[in-house]
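What follows is a single structure, written as C-alpha cells, with notes after it.
The values are calculated or read from the model by the stated rules, or taken from the named source; none is laboratory data. In this text, all values refer to a predicted model and were calculated from it rather than measured experimentally. A quick note on method: Cβ atoms are made from the backbone with ideal geometry, for glycine too, and the neighbour counts reach across all protein chains shown. Note: areas computed on protein heavy atoms with side chains; ligands, DNA, RNA excluded. Shrake-Rupley method; radii C 1.70, N 1.55, O 1.52, S 1.80 Å.
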Amino acid sequence: MQTQTVLSLNGLTKSFGTVSAVKDVSLDLKQGEVLALLGENGAGKTTLMNMLFGHYLPDQGSVEVSTVDDQMSPLPLGDPQAAITAGIGMVHQHFTLAENLTAFDNITLGAEPIFSFKRHKAKAEKKINDLMQKSGLVAPLDVPISALTVGERQRIEILKALYREARILVLDEPTAVLTPQEADTLFENIRSMTAAGLSVIFISHKLREVLAFSNRIIVLRHGEKVGELATKAADEGKITKLMVGTEASENKRSPAKPGAPVLTLESLCVACPSRRNSLKNVNLCVHASEIVGIAGISGNGQSTLAELVSGMTKPDSGKIILDGAKIEANEPRTMIEAGVGRIPEDRHKDGIIGHMSVAENLVLENCEDPAFQQRSILDWSAIRRRAEALCAQYDVRGPGIDAPAKLLSGGNIQKLILARVFESNPRLILANQPTRGLDMGAASSVAERLLSARENGAGVLLISEDLDELLSLSDRILVMRDGALTETASFERNAIGLLMAGDAA
C-alpha cells in the first residue's frame, strides 16, 4: 500500500443546537487505502462525512486534500462543488436522486456544462455501461427513478459517484440494499480501483465486510474518536467493545411452535409496469408464533408483496385472509385495524411524516386511541409523556420529541418506527428490511423484539436482503424471484443463493 496522505481532517467539530454531533475529530486517509469508519447510530459518522463533502459547515476544524502534484491544500468548507472538484465523491446512505428524472439523467446531472450546445449522450452512455459491467451494479438507464426499486436506486447512487472519477470515495452504507453476491462484486471492483490509487472511506455496520474489505478502522462513539486499529489486528469482539463499550451478545432462538394461520395469501396476482415486480400466483401462509423469511435479489417483487400486505396495493386477483377473515377493502387503515404492524422498506417516504414532530409520528397510527384523547380532542400531555417513554425505551436519539422527525438520523428514524409498531402489539408484523442501516446494538435489539413478538404469539413476515439476518431469525424461508415464491427446506447460504439466481437448489 502507498503511504502518501491524500486527505486530512483536523479537529472537526459540529453541534446542532444543544446536541454535540462531532467533537474534535481528526483522521488521515492514505492513497490506495480503504478506511472503515464505525460507530453506533448517532455516533457522528455521517455528520463527519457531510462536513467533508460540504453539506455541513463545521463549527471548528479544517480539511486538507492532496492536489495532482501530491501537495496538501486546504479544502473550502461548506462547498460541495469544491469537494467534487478536489476529487471527492460521496455515496449517501439515503438517496439524493431526482425522482422525476431517468437514471441516466441522474448519473450525468451536473457533469456537463449547463450552457453546452451539444449533449454527448452516446459517450456518456458508453461510459456508464462500462462502469456497470465492471462494477456489476446493473440498473435500467431510461426509467424514471420513481419507478425503480430501493436496490436499483442505491446502484444508481454508486454509479453516479464513480462516473465523476473521484480520487477519494466516501461510501455510507453502500451494501445495505445489495445481496452478498452484489456486495462481493462491488468490493472486488473497488479493490482493483484502490490498487490503481483510489482511496475509500467506508461506513458500514456489517463487521464481516469491514474485516474483509478495509485496511484500517476508526471508531466513533458519541461524536468522539475512541479508537483506531489496523484491520489485520481487529476482530468483531474488539470492534464491538470500542463501539458500544461491551461485548456483543447473541440472540438465541427457540424452536418454533406455530399456531393458527394469521396471514394467508391465496393465488395473489398483481400486475406492475416492471414484470419482475409483478406478483404471479403467490401463495403464502404465516402462522402465529413463527417468523417467515422472504429472500431474494432486490427488484423481484418483494416491494410489491410488502405493499400488498400493508394495504398500499390492491390485488388484481386472489385472496388476502387475516385471522380467518377475508380482506375486502385492502387499504392501509383496514390492515392497521386488522392488527398489522408495518415496518416499511423506505423509512423516510413511507414510515414518517418528516415535518411533523417525533411525538406526533409516534401516534400517527393510533391517535384515535382514547388514551390520547380528552372529549375527542388530542391530549398532547399524554402524547408527549408517551413519546418521552418510548424514546427512552427504544433509545431514539435526537433534538427532542418536539423536533421534526426529519431531523433524526436514519437509524433513529427506524427506532421511532419500531417503537410505534411493537408497542401496538400487532397480530402480524410486516418487517421489510428492519435492520437496514442500523448498528449492531440496534440491529440486535430489533432481532430480540421480533423474537419476543413471535414468542408472544405474533406472526412475522420478514423481508430482507441480508441473508445472515434471515438465517438467524427465520423459522421458514421462501425465495422470491420474478414475482413468484419458492419455499426451500435448506438453510444453507449457497443453496438459497442458487434459488435467488434462478438455478435449481
Exposed-loop cut sites defined as trypsin sites (Lys or Arg not before Pro) in DSSP loop states with at most 13 other Cβ within 10 angstrom; longest site-free run of the chain spans 120-251
Computed over the chain: longest principal axis from alpha-carbon atoms vs helix 121-135 long axis, angle to nearest 10 degrees, is 70 degrees
Taking amide H atoms as placed 1.01 Å from N in the peptide plane, list the residues 5 or more away in sequence, or in a different chain, whose amide H sits under 5 Å from that of VAL143. ALA103, PHE104
Exactly which GluC sites (Glu not before Pro) in the range 281-352 are in a DSSP loop and have at most 10 other Cβ atoms within 10 Å? GLU328
To the nearest 500 deg cm²/dmol, what mean residue ellipticity at 222 nm is calculated for the chain from DSSP H runs of n ≥ 4 alone, each contributing -39,500 (n - 2.57), summed and divided by the residues? -9500 deg cm²/dmol
Cα long-axis angle, helix 410-422 against the chain (0 to 90 degrees, to the nearest 10): 10 degrees
Helix 180-195 against the longest principal axis of the chain: what's the angle in degrees, Cα atoms only, rounded to the nearest 10? 0 degrees
Over the chain, with every protein chain in place, what whole percent of the accessible area is carbon and sulfur at 1.4 Å, could you tell me? 51 percent
Take LYS232, project a point 7 Å from its Cα along the Cβ direction, then tell me which residues of the range 14-37 have their backbone nitrogen under 15 Å from it. 33-34
Through the Karplus equation 6.51 cos²θ - 1.76 cosθ + 1.60, θ set to phi - 60°, convert the phi angles of the range 85-98 into ³J(HN,Hα) values in whole Hz; use x for Gly and Pro. 4, 6, x, 9, x, 10, 9, 6, 5, 10, 5, 10, 10, 8
Please report the spacing between the Cα centers of the range 73-109 and the range 443-505 in Å, no decimals. 35 Å
Rounded to the nearest whole Å², what accessible area per residue is found for the chain with the 1.4 Å probe? 44 Å²
Once you've got the Cα coordinates, tell me which of LYS241/LYS415; LYS257/LYS415; LYS126/LYS160; LYS134/LYS225; LYS326/LYS349; LYS45/LYS349 are over 25 Å apart. LYS257/LYS415; LYS134/LYS225; LYS326/LYS349
